[in-house]
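Input: a single structure, listed below in structure tokens.
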Ligand SMILES: NC(=O)c1ccc[n+]([C@@H]2O[C@H](COP(=O)([O-])OP(=O)(O)OC[C@H]3O[C@@H](n4cnc5c(N)ncnc54)[C@H](OP(=O)(O)O)[C@@H]3O)[C@@H](O)[C@H]2O)c1
């Protein structure tokens, strides 16, 4: 039996951290492909400016904003309620919000550790848990996690960040096993990028030495999503050669 398919132009995407950097590039690519995209993070003004610019770029209202803090469970629930209430589905969830607190193993604080773990890992688990029932009900969904090369290798300056990004890959593997066992039409992708230059993001700008231009993230996303429903590109490792 074939899996249900849905054109990107019929999909509702939710991109956390979609106002800036990699999340913004993902949102730009998705909106250009005709998806409706909800960008969600803490800073309302940043989100609104991005939505305005991207909507102007596509000449249509495709990007919408929602201010929330992924560290707060009740705000996660309200976000999913709002998206599903308005559009009846969450077809694509991109877990992109994330941050690092640079403290070495000798310096690490409880506050720094909690901030990183709650943002990069616990929030993702809660957001997926909230969105999953709707993906199952609609028999369609894709979940994209933005881990890092720091989810594959340890770096002395950011041990909590590395732990969170390794943890995200472990969580994603368990999630993939869960959707496989339940037979749900849901794919789980992970991005593990090296350095992505989010400061020089204009089309004509050249990325810093050792970094890649952020447009490569968006291109790879659209390519991965376009694969057949029974195909999953599990971990997408991309970095500057
Ligand atoms: N750039 C790189 O070289 C690179 C490499 C590997 C992986 N990554 C990963 O890629 C993702 C995006 O990073 P980026 O480089 O594009 O940097 P960025 O522009 O700083 O993006 C991080 C996003 O996370 C959001 N965020 C942070 N705390 C949040 C919270 N409590 N609740 C909701 N949203 C929150 C921020 O928005 P608000 O401040 O508005 O909340 C921001 O939009 C991150 O997960 C990062 O770890 C980046």
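The values are calculated or read from the model by the stated rules, or taken from the named source; none is laboratory data. If you're wondering where the values come from, they're calculated on a predicted model, not measured in any experiment. Cβ sites come from the backbone with ideal geometry, for glycine too, and all protein chains shown count toward neighbours.
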Filter region 109-126 for residues that are crowded, with 17+ Cβ neighbours inside 10 Å and more than 10 Å from the ligand (Cβ to nearest atom); which is farthest from residue 11 (Cα to Cα)? 112
List the pairs whose first member sits in region 34-50 and is farther than 22 Å from residue 87 by Cβ, whose second member is within 8 Å of the ligand (Cβ to nearest atom) and not in a strand (DSSP E or B), and whose Cβ atoms are under 6 Å apart, counting only residues at least 6 apart or on separate chains? 42/69; 46/19
In contact with a strand residue (DSSP E or B) (Cβ under 6 Å, 6 or more places away or on another chain), modelled with pLDDT of 95 or more and either over 30 Å from residue 32 (Cβ atoms) or crowded, with 17+ Cβ neighbours inside 10 Å (or both), is that true of residue 66? yes
